[in-house]
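The values are calculated or read from the model by the stated rules, or taken from the named source; none is laboratory data. Just so it is clear, the structure is predicted and the values come from calculations on it, not from any experiment. Every residue, glycine among them, receives a Cβ derived from its backbone with ideal geometry; neighbour counts consider all protein chains shown. Note: areas computed on protein heavy atoms with side chains; ligands, DNA, RNA excluded. Shrake-Rupley method; radii C 1.70, N 1.55, O 1.52, S 1.80 Å.
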Amino acid sequence: MEDKNYTINFNASNGSQVNIAKENATMYATLNNGISTNELDNIIKEIMNNLSDLKKEDAEEISDIVDMVKEELKKPEPKVSRLKNCLTLIAPMFTIANGIPALADNLQKLINYITPYIH
């Protein structure tokens, strides 16, 4: 650019957004990709609250998977392959959650939360 009075900001951590401002312009921009960390925290909390009725090893397995998801989603650029692996690990957990509707519902919410990151 010939004019040196431009400011360009690019955010691609969970979507794409480019902001270009000229001279002393003020810009207010928000990237809304429909994903909320509060939502993830609530889903995880509800999953963890419903593990007490499971066998210890089943509860630990679900807890480990949830921890993997949480750690991966904390990263600025989560690895798609790791999140796909988490989805694969969550699928059999529905059998374990059979009879605990709140747990099954929140496992499904977790799957729904992860899905936008892998598409």
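On the basis of being at pLDDT below 95 and either of a type in the set (Lys, Arg) or open to solvent by less than 100 Å² (accessible area, probe 1.4 Å) (or both), does Ser36 make the cut? It is true that Ser36 is at pLDDT below 95 and either of a type in the set (Lys, Arg) or open to solvent by less than 100 Å² (accessible area, probe 1.4 Å) (or both).
Listed by position, the helices (runs of 4 or more DSSP H) contained in the stretch 57-119 that have at least 1 residues being of a type in the set (Phe, Trp, Tyr) and surrounded by 14 or more Cβ atoms within 10 Å (Cβ to Cβ) are 101-114.
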